[in-house]
Amino acid sequence: MHDLSDDDKMHIIDIFLNDVVPRLRKFHARIGTINCDFAGDLYQNWTIRFKSAGSDFEIVDFEYDEDSCSFDIGL
């Protein structure tokens, strides 16, 4: 079974908030699912579901997906 530790989740959240959220704002995103490879190769099979929360964003869920792939959003 594939699990993320609390430290893994905090690592992903930190990078998401600092590096990904500015791009989401640029694209006027509100909800979605993205691959976590932005946090490093260790997380390339993980995805997050996110949603806007006022002027910010929050991660709603983490999911393991062996078939997940990423696309470049200019990070």
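Any read-out appearing in this document is the output of simple, stated calculations on the displayed coordinates, not a laboratory observation. Owing to the predicted nature of the structure, the values given are computational and were not obtained by experimental measurement. No Cβ is skipped: glycine too gets one built from the backbone with ideal geometry, and neighbour counts run over all protein chains shown.
Which members of the stretch 1-23 meet the condition of being in a helix (DSSP H, G or I) and either in contact with a helix residue (DSSP H, G or I) (Cβ under 9 Å, 6 or more places away or on another chain) or under 12 Å from residue 61 (Cα atoms) (or both)?
Within the stretch 1-23, the subset in a helix (DSSP H, G or I) is 6-23.
Answer for the stretch 1-23, where residues must be in a helix (DSSP H, G or I) and either in contact with a helix residue (DSSP H, G or I) (Cβ under 9 Å, 6 or more places away or on another chain) or under 12 Å from residue 61 (Cα atoms) (or both): 8, 9, 11, 12, 13, 14, 15, 16, 19, 20.
So for the stretch 41-55 (the condition being basic (Lys, Arg), out of contact with any Ser or Thr (no Cβ under 8 Å at 6 or more places or on another chain) and farther than 17 Å from residue 2 by Cβ), does at least one residue qualify? Quick ask: steps written out before the conclusion?
Initial filter on the stretch 41-55 (basic (Lys, Arg)): 49, 51.
Still in the running and out of contact with any Ser or Thr (no Cβ under 8 Å at 6 or more places or on another chain): 51.
If we keep only those that are farther than 17 Å from residue 2 by Cβ as well, we get 51.
Scanning the stretch 41-55, I find at least one residue that is basic (Lys, Arg), out of contact with any Ser or Thr (no Cβ under 8 Å at 6 or more places or on another chain) and farther than 17 Å from residue 2 by Cβ, so the answer is yes.
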Among the residues in the stretch 30-41, are any in contact with a strand residue (DSSP E or B) (Cβ under 6 Å, 6 or more places away or on another chain) and not in a strand (DSSP E or B)? yes
